[in-house]
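The values are calculated or read from the model by the stated rules, or taken from the named source; none is laboratory data. None of the values given here were measured: they were computed from a predicted structure. Neighbour counts are summed over all protein chains in view; Cβ atoms, including those assigned to glycine, are modelled from backbone coordinates with ideal geometry.
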Number of protein chains: 2
Amino acid sequence: MPKDTFFNLPEEKRKRIIEAAIDEFATHPFHQARVTVIAEQAGIAMGSFYQYFEDKKDLYKYLIQLIAEKKLSYINSDMVKNKDKYDFFRLLREVYLSGFRFAKENPRLLPIGLMLLNDKELYREIYGEHEDLSVGFFLQLLEYGKAQGAIDPAFDLKIMAKVLAGMNFSLIDFIIEDGKIDLDDMEIINQMLYFIENGLRKKK
Amino acid sequence: MPKDTFFNLPEEKRKRIIEAAIDEFATHPFHQARVTVIAEQAGIAMGSFYQYFEDKKDLYKYLIQLIAEKKLSYINSDMVKNKDKYDFFRLLREVYLSGFRFAKENPRLLPIGLMLLNDKELYREIYGEHEDLSVGFFLQLLEYGKAQGAIDPAFDLKIMAKVLAGMNFSLIDFIIEDGKIDLDDMEIINQMLYFIENGLRKKK
DNA sequence: GTTTCATATGAATATGAATTCATATTCATC
DNA sequence: GATGAATATGAATTCATATTCATATGAAAC
């Protein structure tokens, strides 16, 4: 957690630092990201950086926390509160749409999360031995779908939770390949959902 | 490409170096992998390393090439030669099975490829602007399936190729999480294929 | 207007590799 | 077994950063 000195900073300066950090961590995995670049881009001296944070990891963890909170509030906002109104596939659609919208509005945050996920050691250090958050999330969702009788009972939900989480990342990957994909084009997400629905749905 | 000195080495020594490299690159992404560790584990002096290779990247690229060749020969072996006998879904099954078998027999090679895929810059340096090899592979396969009339025509094959490639990685991810997964247990792969087949198949 | 305290600074230092290089050793050839 | 070319060696160097530290600044307190 950053030191008090950081939180005492005028908001404008704090923002500059966070923005600089996002830029660097969005383009470099943790170990390659440079504190010097962050400090320079934020317009603070190297010494100041260590006035505000214990070390590079301190800032990084804080950033991850900010991102996680932001994303959670996204998903929670329109999804969870509708949980009892929507059927399973509608909920699933909402989850993917939330992710998609989040990606559109915060394009620089996604690569940060992806890179963390690829550094198992660091991931474990931050989240402990917790199961991957997003897998856990999909597992819950699938259990709800099973209870509703929407899902083919032949499926092992633990396996499928991981598959769905993986597909969510594929979706993000599409979006990240900047330029090539028109973010207003819902085709990708529709295709993916069509595929998933056919794949999971209980046969009559 | 390694220098002649490397290829002149007695096979035993060459193997020791490659094995040491596999160990290091399987547990560390390129930029974190240490030449010192590789040299030490192979039982050669640091200087010798630079007698054999231009630099760290030289060895790395060579290793990637070895792995790609090995994997290609795997997939080609029983898949491509049966292309005209099998229907699309059978072929797809063979592809996943090949990947699965390869993973079983070469567990240390998989993380190396995964980590490369996550380092877009390095990936581009090695493969140029080529589309991801495995996406291209699945695209071809899907086009074959479409020609056969096996696939729901509503799908955009480019999108689905990427989805399938992504799922292939999920599968590998399962396998890598060592210990937890019994490699003789075909359940994961069966579940995944069942899901994919339902998802893609043309409705009557 | 002097003292005090928190904060800011960037040059100096520490670190952890990659790479080089001067020297030692091996090996084939005569 | 003498010779030189190829190969092996690991200590020294370089390099790119992270981190520390001694000093400066500035604002509030008296």
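Does residue A:27 satisfy being within 13 Å of DNA strand D (Cβ to nearest atom) and at pLDDT below 95? The answer is yes for residue A:27.
Summed over the range B:149-204, the residues that are more than 7 Å from every other protein chain (Cβ to nearest Cβ), at pLDDT 95 or above and within 18 Å of residue A:135 (Cα to Cα) give a count of 0. Filtering the range B:30-60 to residues that are within 12 Å of DNA strand D (Cβ to nearest atom) and within 14 Å of chain A (Cβ to nearest Cβ) leaves only B:31. Taken over the range B:39-85, the criterion of being under 24 Å from the mean Cα position of the chain (by Cα), under 25 Å from residue B:8 (Cα atoms) and among the hydrophobic types (A, V, I, L, M, F, W, C) is satisfied by B:53, B:59, B:63, B:64, B:66, B:67, B:68. Residues that are closer than 21 Å to residue A:21 by Cα, of a type in the set (A, V, I, L, M, F, W, C) and within 14 Å of chain B (Cβ to nearest Cβ) within the range A:72-127 comprise A:110, A:112, A:114, A:115, A:116, A:117, A:122, listed in sequence order.
Taking the range A:12-53 as the range and being buried (at least 17 other Cβ atoms within 10 Å of the Cβ), aliphatic (A, V, I, L, M) and near DNA strand C (Cβ under 10 Å from one of its atoms) as the test, the residues that pass are A:39, A:42, A:44.
The helices (runs of 4 or more DSSP H) found wholly in the range B:46-137 and carrying at least 1 residues that are acidic (Asp, Glu) and free of Cβ contacts under 8 Å to residues at least 60 places away in the same chain occupy B:56-78, B:88-105, B:120-127.
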